[in-house]
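Every read-out reported here was derived from the displayed coordinates using simple, explicitly stated rules and does not represent laboratory data. Please read all numbers here as calculations on a predicted model, not as lab measurements. Ideal geometry is used to build each Cβ from the backbone, glycine not excepted, and the neighbour counts take in all protein chains shown.
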Amino acid sequence: MNLSTILARLARPVVTPIQFSWPDDFVAEDWFADDAAGEPYGGRRLAQSTGQTCGAMVVLAAGMLFDPLLRERVEREGPERAEAEIYAQLRRRALGPLTWPAAFGSPPWAVAREMTAIARQAGYDVTYVSTPVDTDTERGRAILQWAWHAAGVGLPVPLFTGGDLAEGVARAVPRHVVLALPAADDSPELSIYDPGSGSVYRVPIFSMAQRSTPLPAFGHWTRLVWAVLPQPMKE
């Protein structure tokens, strides 16, 4: 259990146009044991430079998908300057008129704000919203299907990962951010960019729910705890 487990059960239901048939009594680890051999993002290892800037790197990676000038800038000068600029922007006014504390990374609602701006600039009529996730529930599984559907229509999805309350309070909150990338095919998998390693991992959706062991694509965290989802979406 973690903070998102409690909040997710108080949140609104999630309905998606895509419904997978989830196996009965499945074990996530049976579907995917180890994805340590990730591929570099865009041909290079686009990795975060500090322990707090995973959210900024996810927003940067999403922006590079749609903005060739941003992509050229990163290729020319490296990601560190753009990473710092985005991190400052994520923190600015994240608490109304107040700045989000630097030690706490990037809040989901600020990531949603930046993702909305990126998508609209690219021509998508969507608004990204942040929501807690408990993948032990039908709602949590629907969120995974929503992320898969978004990827299928070309929209990246930031996903926050973390641990379990049994491992300590500090691990039971969102600790890391990864990015589900636009899909290349319609298989029930997601390509996950992890800014901690700078790599992209191909992960079956069934292996992302009800996990009990760390997943390299989650930045070596165990659970999906928060999602930043686009709505409405094209079917």
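Could you tell me the calculated FRET efficiency between residue 73 and residue 136, based on Cβ-Cβ distance and R0 = 41 angstrom, to the nearest 0.05?
0.50
Considering the Cα trace of region 49-162, what is its radius of gyration and what is Dmax, both in angstroms?
Gyration radius and largest Cα-Cα distance of region 49-162: 14.6, 45 Å.
Normalising by the residue count of region 191-234, find the relative contact order in percent from Cα pairs under 8 Å and 6+ residues apart.
Once divided by the residue count of region 191-234, the mean separation gives 29 percent.
Compute the relative contact order of region 103-233 as a whole-number percentage, counting only Cα pairs closer than 8 Å that sit 6 or more residues apart in sequence.
So the answer I get is 31 percent.
In a solvent-free Debye calculation with one equal scatterer on each Cα, what is log10 I(q)/I(0) for region 90-224 at q = 0.10, 0.13, 0.20 Å⁻¹, listed in the order of the q values?
Once normalised to I(0) and log-transformed, intensities are -0.33, -0.56, -1.32.
Counting each pair of different Cα atoms once, what's the Kirkwood radius of region 68-134 in Å, rounded to one decimal?
13.4 Å
I need the semi-axes of the equivalent ellipsoid of region 55-105: take the C-alpha gyration tensor, multiply each eigenvalue by 5, square-root it, list largest first in whole angstrom.
Equivalent-ellipsoid dimensions as semi-axes: 23, 10, 8 Å.
Give the span of region 96-155's Cα atoms along each principal axis, as three whole-Å numbers ordered largest to smallest.
Over region 96-155, Cα extents along the principal axes are 35, 33, 16 Å.
What is the order of 218, 206, fewest Cβ neighbours within 10 Å to most?
206, 218
Could you tell me how far the Cα centroid of region 181-235 sits from the Cα centroid of region 84-120, in Å?
Each part's Cα centre sits 21 Å from the other's.
Most exposed first by the Cβ proxy, i.e. fewest other Cβ within 10 Å, how do 135, 50, 213 rank?
213, 50, 135
Could the peptides 157-163, 124-130 be put in order, highest first, of the mean number of other beta-carbon atoms found within 10 Å of their residues?
157-163, 124-130
Pulled fully out, how much extra length does the chain show between residue 98 and residue 117, if you take 0.36 nm times their separation in residues and subtract their Cα-Cα distance?
In short, 4.8 nm is gained.
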